[in-house]
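The values are calculated or read from the model by the stated rules, or taken from the named source; none is laboratory data. The structure presented is a predicted model; accordingly, all values stated were derived computationally and were not measured. Cβ placement follows ideal geometry from the backbone for every residue including glycine, while neighbour counts extend to all protein chains displayed. The area values use the complete protein model at the heavy-atom level, side chains included, leaving out ligands, DNA and RNA. Shrake-Rupley method; radii C 1.70, N 1.55, O 1.52, S 1.80 Å.
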Amino acid sequence: MFDPMSGPSGYKEARRLLGSSDSPSLTVDNSPYLPNIRADLFPDDAAATASSVASVAVSVLTSPGGALEGKQVDPSSCSVSRVSGGITNALFRIDIPSQPCGWNAAPPHPFLLRVFGAEGMIDRDDETSTYSAVCSFLARRREESCEDTEGLSYHGRFSNGRVEGWLDGYRALTAPELGVPVVSAAIARSLAGFHAMGVPDGLEEVHDSSSPGGCWDQLETWLRQARSAVFRTPVDEERAAALNIDEVAEGLQKIKEGGSVPTSTEGCALCHNDLLSMNIMMKEGSCDAGGSPSIRLIDFEYGGWNYVGFDIANHFNEWAGGTDDGRPDYDLFPNDKQREIFCAAYLDEKRRIDSISAENKCEENDNALQSLLSEVDCFILVNHLYWGLWAVNQASAEGCDDFDYLLYAANRIGQYRALRGY
């Protein structure tokens, strides 16, 4: 038996130890880690994929420290269904019946198995430790507020993915629903609550709160990758060349030197950075006394220390959608009033969390609102380049057969150019 480990270094140490151990798993971040098993996906054989996914899920869940530790579960008795909506990852719902396990109790809640994508673009040690910490923080918050609702949960990791809890009764929003006033305000409050979390203990090196927002380093990294990217077909090579990445680099440098966007540490928090409609879950038929729906933010794999203004700008850009067909509809982008309502709801929740007195002068509140709106507007352009470059690199790594990343890149970079006026 090895001592439990935590944080990104725990996963690295577990891989080292298990390389010379007969044990199939170790406990990292209070959950099983099985680095030597993987879920195999067979594009032309759904049954083989389901079998592999079920086997891996059962191995993780029944390992020491797992949610089903000590239970006898036959993987062939599990129901596996593909979950639509993921671009970066492949997602599966796992239902485990009670009878084949010999249980007298009701069957456990369903689980979500995530097979990682975007290989090389996301540090999965950092990301999984962050996800585990976010789950723990949000669970404590629900307990403190006596909130009797389901939340995110982390159940363990394997070589190329992890197992999470399933949000029963929740569904992902659609892009047009982001503009529904009560939904938008609820999202704003949830995002303010997430930003209030701060950097989790043990992850200070991953999310350095003394550094500038991470979008700048990420943009530079993706820019270098895009400039040297190689594509799978001659047609894709031509489409990528037409994007004129050198001009994108020049535009990015002008934005940074223009002084309109922050490049220091001011205005930063632990941000989601990918708050599109599919990463926002709403509980069906759930509204509080004020008509506000129950909202859960999910999928924090692009999360990190960044500017609050960038995070909100990213969400506004995602109102246009496009992650299903590569074609954002910018007629859906929020107008001035919609952006103001969102930011006002965000600041109201931030003040509530910070316990700022309601006696603040209206003028001070107005100044905070206008300041946030201005910062968000400045990051709209930056965010288009951010996801445009991401899409270029995804096209290089994964091709455009399953999703036309280069079409999406052309639309995001094209919108940046349209807003810049050239």
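Here are the numbers for the structure shown:
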{"quantity": "Among (1) more than 24 Å from the chain's Cα centre (by Cα); (2) under 28 Å from LEU369 (Cα atoms) - the single one CYS268 does not satisfy", "calculated": "(1)"}
{"quantity": "Scan of region 246-281 for residues that are of a type in the set (Val, Ile, Thr) and either open to solvent by 60 Å² or more (accessible area, probe 1.4 Å) or assigned to a helix (DSSP H, G or I) (or both), ordered by number", "calculated": "VAL248, ILE255, THR263, THR265"}
{"quantity": "Filter result for the condition that a residue is crowded, with 21+ Cβ neighbours inside 10 Å, in a loop (DSSP other than H, G, I, E, B) and either out of contact with any Pro (no Cβ under 6 Å at 6 or more places or on another chain) or touching a residue at least 12 places away in the same chain (Cβ under 8 Å) (or both), over GLY66, GLY70", "calculated": "GLY66"}
{"quantity": "Some residue of region 168-176 being acidic (Asp, Glu) and open to solvent by 20 Å² or more (accessible area, probe 1.4 Å)", "calculated": "yes"}
{"quantity": "Per-region count, region 399-422, residues over 16 Å from ASP325 (Cα atoms) and of a type in the set (D, E, K, R)", "calculated": "2"}
{"quantity": "The lone exception for ARG93 - which of (1) charged (D, E, K, R); (2) under 21 Å from ARG171 (Cβ atoms); (3) modelled with pLDDT under 80 it fails", "calculated": "(3)"}
{"quantity": "Sole residue being under 27 Å from ASN393 (Cβ atoms), open to solvent by 40 Å² or more (accessible area, probe 1.4 Å) and at pLDDT below 95, chosen from PRO4, PRO8, PRO100, PRO43", "calculated": "PRO43"}
{"quantity": "Output for region 37-58, where each listed residue is in a helix (DSSP H, G or I) and over 20 Å from PRO110 (Cα atoms)", "calculated": "ALA48"}
{"quantity": "Scope region 381-422; condition touching a residue at least 60 places away in the same chain (Cβ under 8 Å), more than 16 Å from GLU250 (Cα to Cα), open to solvent by less than 10 Å² (accessible area, probe 1.4 Å) and among the aliphatic types (A, V, I, L, M); matching residues", "calculated": "VAL392, ALA395, LEU406, ALA409"}
{"quantity": "Residue within region 121-144 that is assigned to a loop (DSSP other than H, G, I, E, B), modelled with pLDDT under 90 and open to solvent by 40 Å² or more (accessible area, probe 1.4 Å) present", "calculated": "no"}
{"quantity": "Total residues in region 396-422, condition in a loop (DSSP other than H, G, I, E, B) and of a type outside the set (D, E, K, R)", "calculated": "5"}
{"quantity": "Qualifying residue in region 26-35 (condition: at pLDDT below 95, outside any strand (DSSP E or B) and surrounded by fewer than 20 Cβ atoms within 10 Å (Cβ to Cβ))", "calculated": "yes"}
